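The values are calculated or read from the model by the stated rules, or taken from the named source; none is laboratory data. Since this is a predicted model, take the numbers as computed values, not measurements. Cβ: placed from backbone, ideal geometry, glycine included. Neighbour counts: every protein chain shown. Calculation scope for accessible area: heavy atoms of the full protein, side chains included, ligands and nucleic acids excluded. Shrake-Rupley method; radii C 1.70, N 1.55, O 1.52, S 1.80 Å.
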Amino acid sequence: MKKHFPTIAKTALVLVYLVIVAGALVRMTGSGMGCPDWPKCFGYYIPPTDLKELTWAPNRVFEKGQVIIKDETLLVAKDNFTTQTNFDVSHWEKYTKHDYAIFNPLHTWIEYINRLCGALAGMACFFMAIASFKFWKEKKRITLLSWLVVFMMGFQAWLGAKVVYSVLNPIKITVHMVMALVIVAVILYIIQVARPKLAAVTYNSAFKNVLLLSLLLTLIQVAIGTQVRQQVDQQIKNGLTESILWLQNPTITFYIHRSFSVIVLLVNVYLFTKNRKLNLGFSKMNWVLALIGIEILTGMAMAYLDFPIGSQAIHLVLASILFGIQFYMILEAQKPSSANS
Ligand code: HEM
C-alpha cells in the first residue's frame, strides 16, 4: 500500500481537478440550479429526464421527498403514496429552501454529473486517507493531512448545498473555489512528502523567493478574477442575458485584473530566464508561461470577443492548474533536507 500511495494521492488530485472542470462546465452552461435540492436531485438518486416525471398525474406512485412542479412552484411529497384521480394537497408541502422552479433536463444532468464527479473525488480522497495510515509511524503529517483533505471535501459538499440553497450566491461560489484550491495545495504537499526521491532541481534561495512572490501574485489575480466574475453574474441577474453586454461598462476591478496580468507575466518571464540561465532544472516553468499566455488570451477573448463558448470554463480551469503547478514548484524548490524529512 505504501509503495502505491503516491499513485493513490495523484489519482485523488486528478479527480479533484475533474470536479473543478465539471464545476466550470456547470458555470459555463448556467446549470447551477439544475437540481433544486441536495444531495438528491428533485428527490431522486438518478434525476428525471422528462418534465412528465415532475408533473402530477393520477395513479402515480410517489415516494417521500420526491418533487413535482405545480403552478411554477416546487412541491415535495410528504410520504409514500399513490395519487388518486384528483390532486390531494395534503400529501404535498411547499419546498421552502428557495423558489427556483424551472426544469431544464440538460442543466439537471450537467449538475448531476458534477455531483457524481464530486462523490468520486470524495471517495478517492477517503481511500487516500485510509492508505495514509501506513505512514503513521514515520511521517504522521501525511496521515493527518490526508484526513484533513477528507474533512475539507465534506465541507465542500456542504458548501455546494449552501450555494444551491442561496440560488448561486456569488460570495459562496468564490469561497467554494478558494476551498478547491486549498484542497489541491494540501494534496500536492502530501504527494511531495510521500514521494520516495527528490526532484532533480538545484536549490536557489533567490529563485525560491521569487517563486513565492509569483504564487502570491497568482492568488491575488485569482481573487480579483472572482470579483470580475461576480460582477458578470450580477449583470446576468440584472437581466442582461446577452454576453456582449456583460462587460459593456466594466468597473475598475476589470481593468485592475487585466493590467495585473502584465505583472504576473513579467515576474514569470523573469523566473523562466533565471531558470534557464542558472540551469536550475525547473522544467514546469515552461508550463507556467504557457498557462499564463492562454489565461491572457482567453481573458481577452471573453472581454473583446463577447465570451466565446468555452472561454469562461478554460479561463477558470487553467487558473487552478496554474496555481497547482506553481505551488508544486515551491515545494520542489525547498532545501533538500527540509523537503525530505
Ligand atoms: C494571469 C492571468 C490571469 C489569471 C490567472 C486570471 C484568473 C481569473 C480567475 C480565477 C477568474 C475567476 C473565474 C471564475 O470564478 O469563474 C477570472 C475571471 C475573469 N477574467 Fe481573468 N485571469 C487572468 C487574466 C485575464 C485577462 C488578461 C483578462 C482580460 C483581458 C481577464 C478577464 C477575465 C474576465 C472577463 C473574467 C470573468 C469571467 C466570468 O465571468 O466567468 N483575465 N480570471
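About the Cα centre of the stretch 199-341, what is the dipole size in debye to 20, counting +1 per Lys and Arg Cβ and -1 per Asp and Glu Cβ, all else neutral?
With only Lys, Arg, Asp and Glu charged at Cβ, the dipole is about 560 debye.
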Output the relative contact order of the chain, whole-number percent, from Cα pairs under 8 angstrom with separation of 6+ residues. 20
What list of ³J(HN,Hα) values in whole Hz, one per residue of the stretch 5-16 in order, does the Karplus curve 6.51 cos²θ - 1.76 cosθ + 1.60 (θ = phi - 60°) give from phi, with Gly and Pro shown as x? 4, x, 5, 4, 5, 5, 4, 4, 4, 4, 5, 5
How large, in percent, is the carbon and sulfur part of the accessible surface of the stretch 199-341 at a probe radius of 1.4 Å? 67
Please find, in a Gaussian network model of the chain (springs between Cα atoms separated by less than 10 Å), the residue of Val76, Val164, Val222 whose mean-square fluctuation is greatest. Val76
Please list 3J(HN,Hα) in residue order for the stretch 228-237, calculated via the Karplus relation 6.51 cos²θ - 1.76 cosθ + 1.60 where θ = phi - 60°; whole Hz, with x for glycine and proline. 4, 4, 4, 5, 4, 4, 4, 4, 5, 4
Per residue, what accessible area does the chain have, given a 1.4 Å probe and all protein chains present, in Å²? 52
Quick calc, Ile252 & Val167: beta-carbon distance into FRET formula, R0 30 Å, rounding 0.05, result 0.65
At a 1.4 Å probe radius, which order do Phe307, Phe151, Phe5 fall into by accessible area, largest first? Phe151, Phe307, Phe5
Length-normalised contact order of the stretch 37-102, Cα under 8 Å, at least 6 apart, in percent, tallies to 27
Ellipticity estimate at 222 nm from DSSP helix runs (n ≥ 4, -39,500 (n - 2.57)) divided over the chain, nearest 500: -21500 deg cm²/dmol
Using a 1.4 angstrom probe on the protein heavy atoms only, could you order Glu111, Glu93, Glu242, Glu53 from most to least accessible area? Glu242, Glu93, Glu53, Glu111
Ignoring ligands, DNA and RNA, how do Lys3, Lys70, Lys64, Lys78 rank by accessible area with a 1.4 Å probe, largest first? Lys3, Lys64, Lys78, Lys70
What angle do you read, to the nearest 10 degrees and between 0 and 90, between the alpha-carbon axis of helix 170-194 and the longest principal axis of the chain? 50
Students often forget the sequence filter, so: which aspartates and glutamates lie under 14 Å Cα-Cα from Lys208 once same-chain residues fewer than 8 apart are removed? Glu332
At 1.4 Å probe size, what's the solvent-accessible area of Cys125? Round to the nearest 10 Å². 0
For the stretch 37-102, place one equal point scatterer on every Cα, skip the solvent, and apply the Debye formula. What is log10 of I(q)/I(0) at q = 0.14, 0.18 Å⁻¹? -0.36, -0.61
State to the nearest 20 debye the size of the charge dipole of the stretch 37-102 about its Cα centre, where the only charges are +1 on K and R beta carbons and -1 on D and E beta carbons. 120
What's log10 of I(q)/I(0) for the stretch 199-341 at q = 0.15, 0.20, 0.21, 0.22 Å⁻¹, Debye sum over Cα points only, no solvent? -0.75, -1.13, -1.22, -1.31
Check cross-link reach from Lys172 to the aspartates and glutamates: straight Cα distance under 16 Å, and skip same-chain residues fewer than eight apart. Asp233
Projected area averaged over orientations for the chain, convex hull of C-alpha atoms, nm²: 19.6
